[in-house]
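The values are calculated or read from the model by the stated rules, or taken from the named source; none is laboratory data. These figures come from a predicted structure and were not determined experimentally. Quick reminder, even Gly has a Cβ in these numbers, built from the backbone with ideal geometry, and neighbours come from all protein chains shown. Only protein heavy atoms, including side chains, enter the accessible area calculation; ligands, DNA and RNA are left aside. Shrake-Rupley method; radii C 1.70, N 1.55, O 1.52, S 1.80 Å.
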Amino acid sequence: MNEQFSITGKVAVITDAGGVLGGSIAKYFMQQGAKVVAVDIRQEQLDKRVEELKTYGEDVIGIVGNVP
Ligand SMILES: NC(=O)c1ccc[n+]([C@@H]2O[C@H](COP(=O)([O-])OP(=O)(O)OC[C@H]3O[C@@H](n4cnc5c(N)ncnc54)[C@H](O)[C@@H]3O)[C@@H](O)[C@H]2O)c1
């Protein structure tokens, strides 16, 4: 992403973050300097994902939620 579309410092809410696609998106957003709110319905998957994402920075939280 170039400067025009920089997401550094922005807050991104990523649903299904415990899964394959959501996890990849969350990882990329963290690498770009965004603050990530990771949402998933499964606590265990979410906890694993948040731990993984913390290797890229501290600006990540996990929220268990049912996103319709
Ligand atoms: N992975 C691919 O290559 C691919 C390709 C094309 C389409 N898709 C589609 O994209 C979607 C996501 O794919 P994926 O591979 O990441 O799936 P996945 O099963 O790895 O992840 C889905 C995640 O969503 C969570 N989830 C399910 N229902 C939820 C709800 N109501 N609220 C919150 N979280 C919920 C699950 O707990 C899981 O962690 C699926 O519909 C899939 O069919 C995936």
>> Given the criterion on the phi > 0 side of the Ramachandran plot and not aliphatic (A, V, I, L, M), identify the matching residue among G65, G57, G23, G19.
In response: G57
>> When you check K10 against the structure, is it open to solvent by 90 Å² or more (accessible area, probe 1.4 Å) and either more than 11 Å from the ligand (Cβ to nearest atom) or touching a residue at least 60 places away in the same chain (Cβ under 8 Å) (or both), yes or no?
In response: yes
>> Any residue at all in region 44-60 that's β-branched (V, I, T), assigned to a strand (DSSP E or B), within 14 Å of the ligand (Cβ to nearest atom) and under 11 Å from the mean Cα position of the chain (by Cα)?
In response: no
>> Restricting to region 13-24, count the residues that are near the ligand (Cβ under 8 Å from one of its atoms) and aliphatic (A, V, I, L, M).
In response: 3
>> I need the full set of residues from region 25-43 which are near the ligand (Cβ under 8 Å from one of its atoms), open to solvent by 50 Å² or more (accessible area, probe 1.4 Å) and not aliphatic (A, V, I, L, M), in order please.
In response: R42
